[in-house]
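Chemist: Structure incoming, see below.
The values are calculated or read from the model by the stated rules, or taken from the named source; none is laboratory data. The shown structure was predicted, so the numbers you read here are calculated from the model rather than taken from an experiment. Note: ideal-geometry Cβ built from the backbone for every residue, glycine included; neighbour counts use all protein chains shown. These area figures cover heavy atoms from the full protein model, side chains too; ligands, DNA and RNA do not enter into them. Shrake-Rupley method; radii C 1.70, N 1.55, O 1.52, S 1.80 Å.
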Amino acid sequence: MTKKLLVGIIMVLLCLQVVAPQTTSAAIKQKDLEAYAAELGTDLEGLNRYLVDFEWGTIEEFEVSSIDELREWLGEPVTDENFQSFLDETGCTVDQLNARLEKMGLSDKGYTAEDILLYSDLYWVMGEPVNAENVQMLAEELGLTEKELADLFYENGLDLYSYSSMDDIYEVIYNDINSVSLYFLLQEVEMTQEELDQLLKENDVKLEDFTSYDELAEFIYTESDYYFEMAWEELNGEFPNLQTIGISKEEYRNFYDHLNNVFENIDEAFFDKLFGIMDRVEALGDFETLNELDESQRKEIVSIWNEAMDLFQLKAKFYLSDGTTQEEVTIEELSKLTEIKDQILFVELYDAKGNLLLDFTVTGEDVGSGFIPAIEKPVTEEKPASNHEAPVKEKVTVTPKIATETVKQEEGKRLPDTASPVGNILVAGTVLMAAGAALYTWNRRKKHSN
């Protein structure tokens, strides 16, 4: 279990990296490219510029080795016939296409509806059409009827059916700061307008001070404790009996606040150390329990633990109890245990200044019963090849599951003889699980600072 859990963490972190684009495996002849560009009504320079402007990328970035493959990749060119068919099918007009090009900044580069070369780009420019089916689907996603959604727009001086593209409606709801987007944002965090007004007042800011929807949402998420409540809910989803075994919401709040304070000051050096720790864990190889490791590997486990604790500015104290007496033990001593028998492991977690954050109890039954689950290697989905972009690996968004893999049970309970369940706690414990939250916070902070 230990190794699977650690590998799972590592794979989640690695999946956050963007896959670099690959270049073509074989160059297409210049004359063939020029002939293809002429088919589309432009020259080679114009084709390359068009592909970049319409977000296809340059020709060199396509994984094709012939004009036929390139033609198949880019799809059908625009003709008078299919252009008219597109207008008839979607119900949009040339003026609406031009308006969309202007909104996308493409008209500034000299493009009009007549300059669109590829048929799929007509749909890309217009986006999903505003029709009864798409509006109804959106309303259902928002938990409203179509009429309720239309009424909400109307009450705020907007006409739901005046938009030609669903992208424009999404912009109103999810990206712009307006009364409609604010309505859904407050619904999400279960906050009233009066409570928002009070929150703004307490922080001496006004709505006008926020330059983007993301900035406003980030403020509300953070100051309203939305992130904490979400993390607590997800933690309880992973460990349903968390509160009954002694880790209270108040204790978890101490731990959560501590990590957030640490994250406020992290930099690139922090991640150099973090990934260095992950590399050392990977270098240990496959193992299920600490009993499989030799002395040098056990020392490495302890070293990894200590460095991770230092990185997240945490300290831990361990006590073993047989139900009658209790003795403090070190992490080095715990790493050498092969079985616990009648003993119970008590853990106290402190910040670097010695303030107690939380405490908990671990038994062999807790580990053996599967209370501490393994995190399997995440499946990375690939987007199917389309007429507008090459398949790329989806990035995995890591939510802030700052998990404490521990439990409290009644003292003195008989434990089964087990092969070093303590190893699961030492290696796959609180600190390494916090790595996902660190990356999540770092990526979110960088996003909103751009």
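Chemist: Mind listing whichever residues of the stretch 142-159 are open to solvent by 60 Å² or more (accessible area, probe 1.4 Å), farther than 23 Å from residue 100 by Cβ and either among the charged types (D, E, K, R) or assigned to a helix (DSSP H, G or I) (or both)? Walk me through how you get there before you give the answer.
Modeler: Within the stretch 142-159, the first condition is being open to solvent by 60 Å² or more (accessible area, probe 1.4 Å), and the residues that meet it are 143, 145, 147-148, 154-155, 157, 159.
Add one more test, that the residue is farther than 23 Å from residue 100 by Cβ, and what stays is 143, 145, 147-148, 154-155.
Of everything in the stretch 142-159, those that are open to solvent by 60 Å² or more (accessible area, probe 1.4 Å), farther than 23 Å from residue 100 by Cβ and either among the charged types (D, E, K, R) or assigned to a helix (DSSP H, G or I) (or both) turn out to be 147, 148, 154, 155.
Chemist: Here's a check for you: in the stretch 160-203, which residue that is over 17 Å from residue 222 (Cα atoms) and not in a helix (DSSP H, G or I) is least open to solvent (accessible area, probe 1.4 Å)?
Modeler: For the stretch 160-203, the residue satisfying everything is 165.
Chemist: Then there's this: Exactly one of (1) free of Cβ contacts under 8 Å to residues at least 12 places away in the same chain; (2) over 25 Å from residue 350 (Cβ atoms) is unmet by residue 230. Its number?
Modeler: (1)
Chemist: When you check residue 320 against the structure, is it in a strand (DSSP E or B), in contact with a His (Cβ under 7 Å, 6 or more places away or on another chain) and either farther than 24 Å from residue 256 by Cα or in contact (Cβ under 8 Å) with a residue 12 or more places away in the chain (or both), yes or no? Full working, then the answer.
Modeler: Numbers: in a strand (DSSP E or B): yes; in contact with a His (Cβ under 7 Å, 6 or more places away or on another chain): no; either farther than 24 Å from residue 256 by Cα or in contact (Cβ under 8 Å) with a residue 12 or more places away in the chain (or both): yes.
The answer is no for residue 320.
So that you can scan it fast, the table gives a plain yes or no per residue for (1) modelled with pLDDT of 85 or more; (2) touching a strand residue (DSSP E or B) at 6+ places or on another chain (Cβ under 9 Å); (3) surrounded by 15 or more Cβ atoms within 10 Å (Cβ to Cβ):
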{"position": "210", "(1), (2), (3)": "yes, no, yes"}
{"position": "213", "(1), (2), (3)": "yes, no, yes"}
{"position": "231", "(1), (2), (3)": "no, no, yes"}
{"position": "241", "(1), (2), (3)": "no, yes, no"}
{"position": "252", "(1), (2), (3)": "yes, yes, yes"}
{"position": "263", "(1), (2), (3)": "no, no, yes"}
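Chemist: Continuing with this model, one more query. Examine the stretch 216-223 for a residue that is in contact (Cβ under 8 Å) with a residue 24 or more places away in the chain, more than 18 Å from the chain's Cα centre (by Cα) and open to solvent by 30 Å² or more (accessible area, probe 1.4 Å), and state whether such a residue exists. Steps first, answer last, please.
Modeler: At the first step, the residues of the stretch 216-223 found to be in contact (Cβ under 8 Å) with a residue 24 or more places away in the chain are 216-218, 220-221, 223.
Narrowing further to those that are more than 18 Å from the chain's Cα centre (by Cα): 216, 220, 223.
Filter again for open to solvent by 30 Å² or more (accessible area, probe 1.4 Å), leaving 223.
For the stretch 216-223, residues in contact (Cβ under 8 Å) with a residue 24 or more places away in the chain, more than 18 Å from the chain's Cα centre (by Cα) and open to solvent by 30 Å² or more (accessible area, probe 1.4 Å): present.
Chemist: Here's something else I'd like to know. Looking only at the stretch 265-317, which residues are part of a loop (DSSP other than H, G, I, E, B), open to solvent by less than 60 Å² (accessible area, probe 1.4 Å) and either within 22 Å of residue 345 (Cα to Cα) or at pLDDT below 85 (or both)? Talk me through it step by step, then tell me what you get.
Modeler: Restricting attention to the stretch 265-317, the residues satisfying the condition of being part of a loop (DSSP other than H, G, I, E, B) are 265-267, 284-289, 293-294, 312-313.
Those left that are additionally open to solvent by less than 60 Å² (accessible area, probe 1.4 Å): 266, 284-285, 287, 289, 293, 312.
266, 284, 285, 287, 289, 293, listed by residue number.
Chemist: Next question, about the same structure. Tally up the residues in the stretch 49-72 that are within 19 Å of residue 101 (Cβ to Cβ), open to solvent by less than 20 Å² (accessible area, probe 1.4 Å) and outside any loop (DSSP other than H, G, I, E, B), please. Give the derivation first.
Modeler: Taking the stretch 49-72 and keeping what is within 19 Å of residue 101 (Cβ to Cβ), we get 49-56.
Checking the rest, the ones that are also open to solvent by less than 20 Å² (accessible area, probe 1.4 Å) come to 50-51, 54.
Still in the running and outside any loop (DSSP other than H, G, I, E, B): 50-51.
Residues in the stretch 49-72 being within 19 Å of residue 101 (Cβ to Cβ), open to solvent by less than 20 Å² (accessible area, probe 1.4 Å) and outside any loop (DSSP other than H, G, I, E, B): 2 in total.
Chemist: Go through the residues of the stretch 365-383 one by one and say whether even a single one is crowded, with 16+ Cβ neighbours inside 10 Å, at pLDDT 50 or above and not in a loop (DSSP other than H, G, I, E, B).
Modeler: Yes, the conditions are met somewhere in the stretch 365-383.
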